[in-house]
Amino acid sequence: MSRTPSIALSGGRAVSFPELAARYLEEYRGKIEIAIEGLSEEQIWWRPNESSNSIGNLLLHLEGNLSLWVLGGLGRIAYQRDRAGEFSADHQGDGRILGARFATVVSGSRAVILALGDEDLVRDLEIQGYEVDGLSAVMHAVEHTSYHTGQIVWIAKRFRGGGHPLEFYPQHRDE
């Protein structure tokens, strides 16, 4: 029986935007965890071509992006990012290691986001050369994580085949 991740919208009405954003980050973390479960290190680091990224690169990239935008930008936790290294890395950990690191960053990011008040959402920030407010930083982090979650799931489906499908929304199966 396949597992399904926590789905953000299944939690009912969100009390606040930060709560909904934190739910979505948890949903994406769960989807990635399920998608990469059982993949070999070779599969985690497979690239279709040199201009594409592997699951490993994408996990490192998401870790770096959330650390910079949420932990650093919103949470004011010092972070030194090596963005180029996220994309040039190769065979620097298997799925369990990379997934655990990503889960730790998501957990910290969720805590920062859930602690945001209205004043934090309108506070001016400068992150990665962009002048944004807190709301924009949260929205960017969630959207960016969503985008790369889809890429990771696609790559994982390529390796899993029909015998081990990824079905994240079984409640919609008969629609």
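Key figures
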quantity: Selection count where residues are within 18 Å of Tyr79 (Cα to Cα) and among the acidic types (Asp, Glu), scope region 95-130; calculated: 1
quantity: Cβ-Cβ under 7 Å pairs, at least 6 apart or on other chains, region 23-34 side touching a residue at least 24 places away in the same chain (Cβ under 8 Å), far side in a helix (DSSP H, G or I) and of a type in the set (Lys, Arg); calculated: Leu25/Arg110; Glu26/Arg110
quantity: Members of region 39-80 that are under 11 Å from Ile155 (Cβ atoms) and not hydrophobic (A, V, I, L, M, F, W, C); calculated: Gln43, Arg47, Pro48, Ser52, Asn53, Ser54, Gly56, Asn57
quantity: Residue list for region 81-135, filter: in a helix (DSSP H, G or I), buried (at least 17 other Cβ atoms within 10 Å of the Cβ) and over 16 Å from the mean Cα position of the chain (by Cα); calculated: Asp120, Leu121, Gly134, Leu135
quantity: Some residue of region 147-160 being surrounded by fewer than 19 Cβ atoms within 10 Å (Cβ to Cβ), of a type in the set (Val, Ile, Thr), touching a residue at least 24 places away in the same chain (Cβ under 8 Å) and not in a loop (DSSP other than H, G, I, E, B); calculated: no
quantity: Which numbered condition Ser6 misses (of (1) of a type in the set (Ser, Thr, Tyr); (2) farther than 30 Å from Asp90 by Cβ; (3) surrounded by 16 or more Cβ atoms within 10 Å (Cβ to Cβ)); calculated: (3)
quantity: Hits in region 10-20 - residues which are farther than 20 Å from Tyr169 by Cβ and not β-branched (Val, Ile, Thr); calculated: Ser16, Phe17, Pro18, Glu19
quantity: Residue under evaluation His140, criteria (1) outside any loop (DSSP other than H, G, I, E, B); (2) in contact with a Leu (Cβ under 8 Å, 6 or more places away or on another chain); (3) surrounded by 15 or more Cβ atoms within 10 Å (Cβ to Cβ), criterion not met; calculated: (2)
quantity: Which listed residue is of a type in the set (A, V, I, L, M) and either touching a His at 6+ places or on another chain (Cβ under 7 Å) or assigned to a helix (DSSP H, G or I) (or both), from Ile32, Ile77; calculated: Ile32
quantity: Breaking point among (1) in contact with a helix residue (DSSP H, G or I) (Cβ under 6 Å, 6 or more places away or on another chain); (2) over 30 Å from Gln43 (Cβ atoms), for Glu86; calculated: (2)
quantity: Test: Leu125 is in contact (Cβ under 8 Å) with a residue 40 or more places away in the chain and touching a strand residue (DSSP E or B) at 6+ places or on another chain (Cβ under 6 Å); calculated: yes
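Coordinate-derived values only; no laboratory data. Here the structure is a predicted model, which means the values were calculated and not measured. For neighbour counting, all protein chains shown are included, and Cβ atoms are generated from backbone atoms with ideal geometry for every residue, glycine included.
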